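Below: one structure, written as structure tokens.
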Amino acid sequence: MNTIREIAEKLKKIKSAVIFTHVRPDGDTIGSGMALARALIILGKKCEVVNEGEVPDKFFFLEGMKDIKRAPSFDAEAFICVDTSDEARLGELQRTFTRAQGKGKLTINIDHHVSNTRFCKMNFVRERASNCENIEELIRALGVAPDRMIASYLLMGMVTDSGGFSHSDVTGDSFRAAAYCADAGADVNLITYEIFRKQSKARSKLYLETLSKLRFFLDDKLAICFVEKSALDQYGLKQDATEGIVDFALSIDCVEVSICLMEVKREQYKASFRSKGKVNVNEVARTFGGGGHVLASGCMLFGPLEEVYDKLQFTISQIGNL
């Protein structure tokens with residue numbers, strides 16, 4: 001694995017870069033990409049951030065989000081992936097990235113997932129509460145003094161992936177990185193409100209409807225909520241409206257693992273896993289072709305819903321010995 005210093009020195013020498021963020025973007029991947037892009041632009045590099053889909057509306061309270069593109073608009077020297085554990089997480093942009101690798105382009109991978117496959121020429125993977133902590137370290141190594149925009153992007157990612165600095169992987173380094181952002185002008189009150197507390201009336205109805213159907217398994221150690229596609233359509237909501245629903249059940253004292261199943265289409269579900277620590281949900285997700293962190297992971301599941309429930313119960317009982 002490469003060091004942050006080695007990657008910083010390589011980035012200082014390039015003239016252009018495209019930064020790739022993962023499918024169904026969250027605050028950490030967007031914050032990582034936008035903060036690094038602005039730092040490189042300050043250094044005089046041509047740079048842009050790309051994502052295969054739409055950026056969720058809730059991130060548009062920060063400047064620059066409209067500049068994120070669906071695909072690269074120029075042929076850059078470097079192709080950088082942030083908060084992305086493997087090429088498949090790039091979605092439709094995987095083909096663009098693979099072509100760049102085939103042409104011998106410089107590829108860089110900066111991530112914090114235990115499941116990362118080290119798929120680039122240069123890789124820095126350090127398990128932290130958020131990937132923005134890694135990006136903050138890289139920006140300092142680049143010698144860029146953070147402005148308010150960089151600080152805000154970084155803090156958004158830190159707040160998002162750490163659950164407001166409440167997860168067990170939060171360390172002193174997490175708070176030092178956050179202090180670095182606050183000192184540079186990031187508004188923690190604005191960011192936490194926009195990310196965690198602000199919601200529409202429609203989302204609140206979806207939230208209540210979904211939690212009213214919460215199901216318990218394995219002597220109440222496993223809780224699963226199911227979000228029907230028809231409910232999203234009924235309330236006029238996008239998939240990102242389901243973020244955070246999975247965290248509720250984990251607050252129940254008897255629950256060790258919480259899962260949110262979001263129906264993508266008939267017999268296909270996006271599964272989000274959360275664990276209090278007794279069960280490594282990264283191993284659970286890997287069983288189904290996904291991955292992520294020990295305490296937070298995800299994958300896609302297929303089949304009739306009741307069969308999916310059975311598969312999840314069996315797998316979690318075996319891996320977690322519940």
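Remarks
- Residues in region 131-146 that are modelled with pLDDT of 95 or more and open to solvent by 30 Å² or more (accessible area, probe 1.4 Å): 3 in all.
- Residue in region 239-251 that is of a type in the set (A, V, I, L, M), on the phi < 0 side of the Ramachandran plot and in contact with an Asp or Glu (Cβ under 6 Å, 6 or more places away or on another chain) present: no
- The residue pairs whose first member lies in region 253-267 and is modelled with pLDDT of 95 or more, whose second member is surrounded by fewer than 13 Cβ atoms within 10 Å (Cβ to Cβ) and acidic (D, E), and whose beta carbons are closer than 6 Å, counting only pairs six or more residues apart or on different chains, are C254/D220.
- Qualifying residue in region 118-130 (condition: assigned to a helix (DSSP H, G or I) and either open to solvent by 20 Å² or more (accessible area, probe 1.4 Å) or farther than 30 Å from Y235 by Cβ (or both)): no
- Only one of E87, E54 that is in contact (Cβ under 8 Å) with a residue 12 or more places away in the chain and within 25 Å of T192 (Cα to Cα): E54
- Condition check for K213: touching a Cys at 6+ places or on another chain (Cβ under 8 Å) and surrounded by 14 or more Cβ atoms within 10 Å (Cβ to Cβ): no
- Residue match in region 275-293 (condition: in contact (Cβ under 8 Å) with a residue 12 or more places away in the chain, touching a strand residue (DSSP E or B) at 6+ places or on another chain (Cβ under 6 Å) and among the aromatic types (F, W, Y)): yes
Residues are listed down the side, and each one gets a yes or a no for (1) farther than 23 Å from G27 by Cα; (2) exposed (fewer than 14 other Cβ atoms within 10 Å of the Cβ); (3) of a type outside the set (A, V, I, L, M, F, W, C):
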| site | (1), (2), (3) |
| --- | --- |
| D220 | yes, yes, yes |
| T242 | no, no, yes |
| L261 | no, no, no |
| H293 | no, no, yes |
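- Selection count, region 64-76, where residues are acidic (D, E), modelled with pLDDT of 95 or more and either buried (at least 19 other Cβ atoms within 10 Å of the Cβ) or part of a loop (DSSP other than H, G, I, E, B) (or both): 0
- If you filter region 147-172 down to residues that are part of a loop (DSSP other than H, G, I, E, B) and without any contact (Cβ under 8 Å) to a residue 60 or more places away in the chain, you find that the one that is least open to solvent (accessible area, probe 1.4 Å) is S162.
- Odd one out for K12, checked against (1) under 23 Å from R126 (Cβ atoms); (2) without any contact (Cβ under 8 Å) to a residue 12 or more places away in the chain: (2)
- Looking only at residues in region 90-100 that are in contact (Cβ under 8 Å) with a residue 12 or more places away in the chain and either farther than 18 Å from M34 by Cα or part of a strand (DSSP E or B) (or both), the one that is most open to solvent (accessible area, probe 1.4 Å) is E92.
The values are calculated or read from the model by the stated rules, or taken from the named source; none is laboratory data. Only a predicted model underlies this, so the values are computations on that prediction, with no experimental measurement involved. All Cβ positions, even for glycine, are placed from backbone atoms using ideal geometry, and neighbour counts span all protein chains on display. Heads up: the accessible areas ignore ligands, DNA and RNA and are worked out on the full protein's heavy atoms, side chains in. Shrake-Rupley method; radii C 1.70, N 1.55, O 1.52, S 1.80 Å.
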